[in-house]
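For reference, the structure is listed below as C-alpha cells.
The values are calculated or read from the model by the stated rules, or taken from the named source; none is laboratory data. In this text the structure is predicted, and so the values were computed from the model without any measurement. Because the Cβ atoms are built from the backbone with ideal geometry, glycine has one as well, and the counts that use them run over all protein chains shown. With ligands, DNA and RNA removed, areas are computed over all heavy atoms of the protein, side chains included. Shrake-Rupley method; radii C 1.70, N 1.55, O 1.52, S 1.80 Å.
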Amino acid sequence: MFVAAVEFGSISGEALVQNVVASVLYFLVGAAVLAAGFVMVDVLTPGNLRRMVFVEHRPNAVAVASAMYAALAVVVITAIRASSDALGQGLIDAAVYGIIGIALQGAALVVLEVVVPGRFRDLISADRLHPAAIATAVALLAVGGVNAAALS
C-alpha cells in the first residue's frame, strides 16, 4: 500500500497581502503606461483614432492601432518582468522602462512614415484595408519585440 504525503509548507498572510498589493500597483503602472501609449498613437495618427477604430470601423486604423497596442503590451510586460524585485524601485523601473518603450514605438511610427513611399497618414482613415497598413502593423510588432528584448 502506498501513502502519498503532500507538503503544503507554511502559509504567510503577510506575504499574500504584499503580493496582492504589488500586483495591483504593477497593474496600475502598466495601465497608465498603456493609456499613455494610446494617447501617443492618437497624436501620431491623423484624426480621432478612437473614433476611427470604435465608431467608424476604419480597417487601416484598426490594424495600426491593434499592432501598436500589442507591441506596447509586450513592452510593458517586459518592463514589469525586468524591474527590480524591491517593490518601490520595481514600480519606478516599470514606469520608466514603459515610457521609454512608448517613446521608441512612437519614433518607429514616425520613421515608418518618413521611409515608406507615399503618405501612410493619408491611408489611415480609408474605408478599405490597404497593404501598407498590414506592413506597418507587422513592423510595429517587430519593433515592439526588439524594444522588449532590449529591456530584458
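Which of the residues spanning the range 7-22 are among the aliphatic types (A, V, I, L, M) and either surrounded by 10 or more Cβ atoms within 10 Å (Cβ to Cβ) or modelled with pLDDT of 85 or more (or both)? Even if it seems obvious, please write down each step before you answer.
Quick first cut of the range 7-22, residues among the aliphatic types (A, V, I, L, M) only: 11, 15-17, 20-22.
Answer for the range 7-22, where residues must be among the aliphatic types (A, V, I, L, M) and either surrounded by 10 or more Cβ atoms within 10 Å (Cβ to Cβ) or modelled with pLDDT of 85 or more (or both): A15, L16, V17, V20, V21, A22.
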Search the range 86-112 for residues that are within 27 Å of D122 (Cβ to Cβ) and pair each with any residue that is of a type in the set (S, T, N, Q) when their beta-carbon atoms are under 6 Å apart and the residues are at least 6 apart or on different chains. L104/N147; L112/T136
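Can you pull out every residue in the range 79-103 that is surrounded by fewer than 18 Cβ atoms within 10 Å (Cβ to Cβ), in a helix (DSSP H, G or I) and not charged (D, E, K, R)? Steps first, answer last, please.
In the first step, residues of the range 79-103 are kept if they are surrounded by fewer than 18 Cβ atoms within 10 Å (Cβ to Cβ); the result is 81-82, 84-89, 92, 96, 99-100, 103.
Keeping just the survivors that are in a helix (DSSP H, G or I) gives 81-82, 87-89, 92, 96, 99-100, 103.
Within the range 79-103, A82, L87, G88, Q89, I92, V96, I99, I100, A103 qualify.
Only residues that are among the small types (G, A, S) and either touching a Cys at 6+ places or on another chain (Cβ under 7 Å) or within 13 Å of F38 (Cβ to Cβ) (or both): list them for the range 68-98, please.
Filtering the range 68-98 for residues among the small types (G, A, S) gives 70-71, 73, 79, 82-84, 86, 88, 90, 94-95, 98.
Once the filter is applied, which keeps residues that are among the small types (G, A, S) and either touching a Cys at 6+ places or on another chain (Cβ under 7 Å) or within 13 Å of F38 (Cβ to Cβ) (or both), the range 68-98 yields A70, A71, A73, G98.
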If a residue must be within 10 Å of A71 (Cβ to Cβ), open to solvent by 50 Å² or more (accessible area, probe 1.4 Å) and either in contact (Cβ under 8 Å) with a residue 12 or more places away in the chain or of a type in the set (D, E) (or both), how many such residues does the range 115-142 contain? 1
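Taking the stated definitions as given, is V76 exposed (fewer than 14 other Cβ atoms within 10 Å of the Cβ) and either closer than 25 Å to P131 by Cβ or in contact (Cβ under 8 Å) with a residue 12 or more places away in the chain (or both)?
Details: exposed (fewer than 14 other Cβ atoms within 10 Å of the Cβ): no; either closer than 25 Å to P131 by Cβ or in contact (Cβ under 8 Å) with a residue 12 or more places away in the chain (or both): yes.
So V76 fails the test.
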List the pairs whose first member sits in the range 23-46 and is assigned to a loop (DSSP other than H, G, I, E, B), whose second member is basic (K, R), and whose Cβ atoms are under 6 Å apart, counting only residues at least 6 apart or on separate chains? P46/R121
Criterion first (modelled with pLDDT of 90 or more, open to solvent by less than 30 Å² (accessible area, probe 1.4 Å) and either of a type in the set (G, A, S) or over 20 Å from V143 (Cβ atoms) (or both)) does A71 satisfy it? yes
